[in-house]
Amino acid sequence: MIPAAFDYLRPSTVEDAAAALAEAGDEAKVLAGGQSLLPLLRLRLASPSLLVDIGGLAQLRGIRVEDDVLAIGAMTTHAEVSSSAEVQADAPLLAAAAGAVGDRQVRHRGTLGGSLAHADPAGDLPAVALALDAQLVLAGSGGRRTVGAADFFTDYFTTALAGDELLVEVRVPRLSSWGACYEKFHRTAQAWATVGVAAVVRRENGSIAEARVALTNVGPTPVRAVAVEQALAGADATAEAIAAASGHAAEGTNPTSDLAASAEFRKHLARVLTRRALHAAAGL
Amino acid sequence: MTAVMEPEVGKARLRKEDARLITGRTQWTDNISLPGMLHLAILRSPMAHARISRLDVSGAMLRPGVITAFTGADLTDRQVGLPCAWPVTEDMVHPDALPLAKDTVRYAGEPVAVVVARDAASAVDALEAIEVEYESLPVVLDMEAALAEGAALVHEDKGTNKCYTWIFDSAGAGTGGDVAAAEAEAEVKIHRRYVQQRLIPSFMEPRSVVVDPKPGDWTMWSSTQIPHILRTLLSLLTGTPENQVRVIAPDVGGGFGGKIGVTAEEMITFYAAERVGKPVKYTESRSDTMVSAHHGRDVIQDITLSARRDGTITGLSVNLIANMGAYLGLVTPGVPLLGAFMYNAIYKIPAYRFECTGVFTNTTKTDAYRGAGRPEATYAIERIMDELAVELNLDPVEVRRRNWIKHEEFPFTTVCGLVYDSGNYDAATDKALQLLGYDELRAEQTARRSAGDPVQLGIGVSTFTEMCGLAPSRILGALRFGAGGWESASVRVLATGKVEVITGTSPHGQGHLTAWSQIAADQLGVPFEDVEVRFGDTRVAHKGLDTYGSRSLAVGGIALVQACGKVVEKARTVAAHLLECSPDDLEYSAGSFQVRGTPGATMSIVEIAGAVNAAHNLPDGVEPTIDADATFDPETFSFPHGTHLCAAEVDTETGAVRIRKYVCVDDVGRVVNPLIVEGQVHGGVVQGIAQALFEEAVYDADGNLLTGSFVDYTLPSAADLPDIESDRTETPATSNPLGVKGVGEAGTIAATPAVVNAVVDALRPYGVSDIQMPLSPERVWRAIQGGAS
Amino acid sequence: MARISVTVDGVQYVDDVQPRTLLVHYLREQLGKVGTVVGCDTSNCGACTVLMTDPDGDAHGVKSCTVLAMQADGRSVTTIEGLASPDGALHPMQRAFHEQHALQCGFCTPGMIMAAVDLLQDIPDPTEEQVRKGLEGNLCRCTGYQNIVRAVIAAAGAQRGAPSASEPESEPEAAPEAAPAAESAPAAERAEPAVTA
């Protein structure tokens, strides 16, 4: 299929991009890597009148280490994120999950910012951003603001981004001494996650000082498994403790039923995969 | 030149086809661009059943780049229903299947209107300007509901959703006993219902068609498996004299049965080209393919097996309901019949009854998909053999062994009256068991069971046979098939000694260029490199019945052997004349005639071809050619067989299945090219695994196809599949001079029950005896929870 | 219409395109590079895979149906038609696909070969599992993938054995400034590599 016709702009500054979005209103879409948007255009499930291609904004690409934060440009590709030594060292959860997005070709074009802004409930990276308490820097015609991941994802394919705003940077706290695991369960390697679990664990002596768990595709937005986290705070780092805590993983979720799985099975998977992810993240 | 040449047949020759395909120098239909060529787009119904209350294409006509737009109403005097070549019974209901809907649509995806424009994008854009209103009609999707009294009708004028009922009874046919009697006396009687889910063939090249309407010289390029059949039917359907119609199947990117139709899209493109008087191209998107190209399987199977407590089968009865979809395709009704003679499989079954009812629903039509009828049959019998083993507490291999035909019992006439010419089921099975390490894996299974391992292990067995080499024309006639089953070959020995083979088969990945070169090289004693093979263009290969049903080698390959034989005999006459001896004094071997007892008095086919071409000195009355044509019509089918074994691990917590090891030993008779055979087995097995684990076409309650793209119709990639260990036994067919049987569908037929048997075997301790395909993690998990499917 | 400048298989093209034109349609319809094909409309099948440079000039496998021609502006693209060296010698991956019988109908082959070339750039000595995982973005319906996996491993071995053969991508600067028409002649000549056993 061939997309419907649209106008195309390739601004050279973030300000110009924001201005173009402000002017075009709802009719405009931001084109980052295009790996989610272009299939929608081809199937004519979306037909914006204007595409604002931010691929020319070199300043949005790259990974910087700033004290206790990794500052990742929104246009950094999944391949760059997953192969970055800095990300592997300081945010291994993000490196693993970025390496599990789509396939190699998709990872060469798709971007971290694009994935988060697209906010697909089945996407792997929103849950990771949530588990890592990432801060998202948004730039619009009115200036810049920073939103925590917990406040960024608001509904199905919907975020805190205003119509004239771009996601420009993802700031990820460096958690180099934490264990991490992203458990992705899918029908085939090409399929989206039926359920995914992003887990990071900080151990102290023999116990779990802190665990953070976020779930993919069990509701309109990624969900923190708060009950699991609370049950594990200060718990012994044992398989039994993790298994007991993981029993709470489906609390607060609201999964859909679709071709890949029923809501009930998704809740079951959430519990099993949470246990497995925590087990690995805790280094057991 | 009398050097002894190593036989080509049997060599793992690398394929001649590859040179173009690995460098991108290909000719897919969509690559074709003709001067002045226009592009066509099709508006398809979003409704599964509706009356078209308003349809106006005038807006589309005004769009930029648009040449014309038209509807079914505009074709009232032109279009005719698409053909079904297999009216299986005299009273079969055969609804009119117009390429472009007239007033009613009966499945989501049915063509409703057409735009012809100067470029593809403009054509697609203009579809949005077509105004159409639908008045929805009741949708019937479920086969049993469709057959029930008072069901909504897919074709109101037909008064029924039943297409036909076809019965085979061994008692009536005189080929075996009475099943009812066998069931009454049975010590063990097992009844099961299996459901073959609907599949989408998913050839990788979407279909494409180009029509050039030159007066007196119509040419259609199409991504089809059947250029010859298409040419004849195109002529009949359009009234264009057949000798003014040329059909070309250029490079064709896979078919698997999915490209054996005469399609609505081909006819619509023909009509469009006729209307505008210019070449027109239609290339479908994958989304179009999913709803409009025919689907496969979709059969409910009720099967009852009767046996004695020692495991001996005493009777088998099978009752099918087969989903036709909304209309009939080229061989839709006949697909279940291709399986009818295969439920008895490799077993000695004394009494057998088969009944199949075809039913219409508001869905995309079904038709042949790799194996066509035989995978369904093999699945049902191989699944229920495992149930018999469980019932009698026998090993699944042992219960099969007690029933299968022994090597020394061939030729064997089955309960269906077919004569299996050869086979060695013990040899293939023993080899497979050894390759798998059957006993070790059984021991591991026991250990995992007693340890309560969350990952359980199962072993699945599938000992299969199939009938292929379609087909003896007389048998096809007896089954009311509308065409013959012969195949044609021509051999031209050119003046320079190069050989041109023309075949009526129409390969689309099978490697006929290479395999036919090997055959001709042996027969004519010329180098493999000196043979070229031409096909797929009815102007070059005038005669043929194309490629489907694992028929090409077993029928077309034999035609080639016979054509070569005729070349040799013609050459013999010339050689005798030139060597001044009697034809009877000549010995032919490896391309050379040798005068018996006179060393040095030899002539090769190549030398004779040169002499014949010059024609300076030929015997009186001999034409200056040694070229020859041959047509081969087999006496019987061929019966490849084999044993496939699958060891599968099941994660009982998530329901995920991992194939740990897959081994297969196939017996496809004599092997022309082991490399190609192995490739066919790999690909076939993976399609069989995919049915077992991954693929299913799903409709919602309104008749919309939910699995309308590769996002939801989950084809496996390399990452989802195991390595397959394949081996062979070689029991030559006795029914043809090459001893070949055919291999195209074997893997697909064998693999599906092997995988499902393995998963069910793993979960027997949980009380699981069946799981509906595809074995999704959720279905497996639920089976474990519920103790049944 | 907007103007783009793209180097494809060593030749620089300057063309006007509609913004909605997909890279694969630009390649096929405007440049005649019909060796690259379209198998789906959801970015699943990977048949359209080509190599395209990123802003740093490094070439990676991308699905050309999921890239706008506009996004290729200023970049360098290598298709299946530009993979063999200018003297017609097959790339080790092409040779391996032939020798391991890694194709049947051949429709997925251009994308599969380009994806495999891309994979070996990152993992020069992959395990079977890495190859299977690395090709997850490409579908094949004929081969069951097994011989494709074999071919990639064989090509990896061949590339390690003959390092000179493992650098098929000529630098765009190194390519002669030939007009598109001139480029088609040598391409036609190298269409028939020797394929005897």
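A few points about this structure:
- Selection status of residue C:97, buried (at least 24 other Cβ atoms within 10 Å of the Cβ), assigned to a helix (DSSP H, G or I) and more than 11 Å from the chain's Cα centre (by Cα): yes
- Residues within region B:62-89 that are surrounded by fewer than 17 Cβ atoms within 10 Å (Cβ to Cβ) and without any contact (Cβ under 8 Å) to a residue 24 or more places away in the chain, tallied: 2
- The listed residue being out of contact with any Phe, Trp or Tyr (no Cβ under 9 Å at 6 or more places or on another chain), closer than 27 Å to residue B:343 by Cβ and among the hydroxyl-bearing types (Ser, Thr, Tyr), out of B:175, B:160, B:165: B:165
- Note on region B:443-555: enclosed strands (runs of 3 or more DSSP E) holding 2 or more residues that are modelled with pLDDT of 95 or more and closer than 30 Å to residue B:6 by Cβ are B:487-493, B:499-503, B:531-534.
- Failed criterion for residue B:744 (all others in (1) part of a loop (DSSP other than H, G, I, E, B); (2) more than 30 Å from residue B:473 (Cα to Cα); (3) within 14 Å of chain C (Cβ to nearest Cβ) hold): (2)
- Of all residues in region B:651-670 being away from every other protein chain (no Cβ under 14 Å) and surrounded by 24 or more Cβ atoms within 10 Å (Cβ to Cβ), the one that is farthest from residue C:146 (Cα to Cα): B:669
- For region B:732-789, the set of residues classified as β-branched (Val, Ile, Thr) and either outside the structural domain of residue B:680 (by TED's automatic domain parsing) or touching a residue at least 40 places away in the same chain (Cβ under 8 Å) (or both) consists of B:734, B:740, B:743, B:748, B:749, B:752, B:755, B:756, B:759, B:760, B:780, B:784, listed by residue number.
- Unique match (being within 20 Å of residue A:37 (Cα to Cα) and modelled with pLDDT of 95 or more) among C:66, C:79: C:66
- Among (1) within 14 Å of chain A (Cβ to nearest Cβ); (2) under 23 Å from residue C:160 (Cα atoms); (3) free of Cβ contacts under 8 Å to residues at least 40 places away in the same chain; (4) surrounded by 21 or more Cβ atoms within 10 Å (Cβ to Cβ), the one test that residue C:112 misses: (3)
- Residue match in region B:700-721 (condition: within 14 Å of another protein chain (Cβ to nearest Cβ), in contact (Cβ under 8 Å) with a residue 24 or more places away in the chain, under 26 Å from residue B:426 (Cβ atoms) and under 20 Å from the mean Cα position of the chain (by Cα)): no
- Region A:9-57, subset among the β-branched types (Val, Ile, Thr) and under 15 Å from residue C:68 (Cβ atoms), residue surrounded by the most Cβ atoms within 10 Å (Cβ to Cβ): A:54
- For region B:5-42, the candidate set comprises residues that are of a type in the set (Ser, Thr, Tyr) and crowded, with 17+ Cβ neighbours inside 10 Å; within that set, the residue that is farthest from residue B:270 (Cα to Cα) is B:23.
- Number of the exception - residue A:120 against (1) more than 14 Å from every other protein chain (Cβ to nearest Cβ); (2) farther than 22 Å from residue A:58 by Cβ; (3) surrounded by fewer than 24 Cβ atoms within 10 Å (Cβ to Cβ): (1)
- Region A:123-137 - residue that is in contact with a Leu (Cβ under 7 Å, 6 or more places away or on another chain) and over 21 Å from residue A:35 (Cβ atoms) and, of those, surrounded by the most Cβ atoms within 10 Å (Cβ to Cβ): A:131
- Restricting attention to region B:505-556, the residues that are within 14 Å of chain C (Cβ to nearest Cβ) and hydroxyl-bearing (Ser, Thr, Tyr) add up to 5.
- Qualifying positions in region B:4-25 - assigned to a loop (DSSP other than H, G, I, E, B) and under 20 Å from residue B:679 (Cα atoms): B:8, B:9, B:10, B:11, B:12, B:13, B:14, B:15, B:16, B:17, B:22
- Any chance residue C:54 is more than 24 Å from residue B:715 (Cβ to Cβ), surrounded by fewer than 20 Cβ atoms within 10 Å (Cβ to Cβ) and either touching a Lys or Arg at 6+ places or on another chain (Cβ under 9 Å) or modelled with pLDDT under 95 (or both): yes
- Here the condition is being under 30 Å from residue B:744 (Cβ atoms), among the hydroxyl-bearing types (Ser, Thr, Tyr) and modelled with pLDDT under 95; of B:636, B:643, it holds for B:636 alone.
- Unique match (being in a helix (DSSP H, G or I) and not charged (D, E, K, R)) among B:152, B:181: B:181
- Identity of the residue in region C:115-149, of a type in the set (Asp, Glu) and either in contact (Cβ under 8 Å) with a residue 40 or more places away in the chain or under 19 Å from residue A:108 (Cα atoms) (or both), that ends up surrounded by the fewest Cβ atoms within 10 Å (Cβ to Cβ): C:122
- Condition check for residue B:51 on (1) away from chain C (no Cβ under 14 Å); (2) in a loop (DSSP other than H, G, I, E, B); (3) at pLDDT 95 or above: one failure, at (2).
- Of the strands (runs of 3 or more DSSP E) entirely within region A:138-234, those holding at least 2 residues that are within 14 Å of another protein chain (Cβ to nearest Cβ) and either in contact (Cβ under 8 Å) with a residue 12 or more places away in the chain or more than 30 Å from residue A:15 (Cα to Cα) (or both) occupy A:179-185, A:195-204.
Residue-by-condition table, conditions (1) among the aromatic types (Phe, Trp, Tyr); (2) under 29 Å from residue B:21 (Cβ atoms); (3) more than 14 Å from chain C (Cβ to nearest Cβ); (4) touching a Ser or Thr at 6+ places or on another chain (Cβ under 7 Å):
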{"site": "B:275", "(1), (2), (3), (4)": "no, no, yes, yes"}
{"site": "B:295", "(1), (2), (3), (4)": "no, yes, yes, yes"}
{"site": "B:300", "(1), (2), (3), (4)": "no, no, yes, no"}
{"site": "B:309", "(1), (2), (3), (4)": "no, no, yes, no"}
{"site": "B:321", "(1), (2), (3), (4)": "no, no, yes, yes"}
{"site": "B:326", "(1), (2), (3), (4)": "no, no, yes, yes"}
{"site": "B:339", "(1), (2), (3), (4)": "no, no, yes, no"}
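- Every residue from region A:202-223 that is over 16 Å from residue A:120 (Cα atoms) and either buried (at least 19 other Cβ atoms within 10 Å of the Cβ) or within 13 Å of the chain's Cα centre (by Cα) (or both): A:208, A:211, A:212, A:213
- Number of the condition not met by residue A:102 [criteria: (1) within 11 Å of chain C (Cβ to nearest Cβ); (2) more than 22 Å from residue A:26 (Cα to Cα); (3) in a strand (DSSP E or B)]: (3)
- Given (1) of a type in the set (A, V, I, L, M, F, W, C); (2) at the interface with chain B (Cβ under 9 Å from one of its Cβ atoms); (3) over 19 Å from residue C:60 (Cβ atoms), number of the condition residue C:96 does not satisfy: (2)
The values are calculated or read from the model by the stated rules, or taken from the named source; none is laboratory data. As the structure is a prediction and not an experimental result, all values here were calculated from the model. Here Cβ is always computed from backbone atoms with ideal geometry, including for glycine, and neighbour counts include all displayed protein chains.
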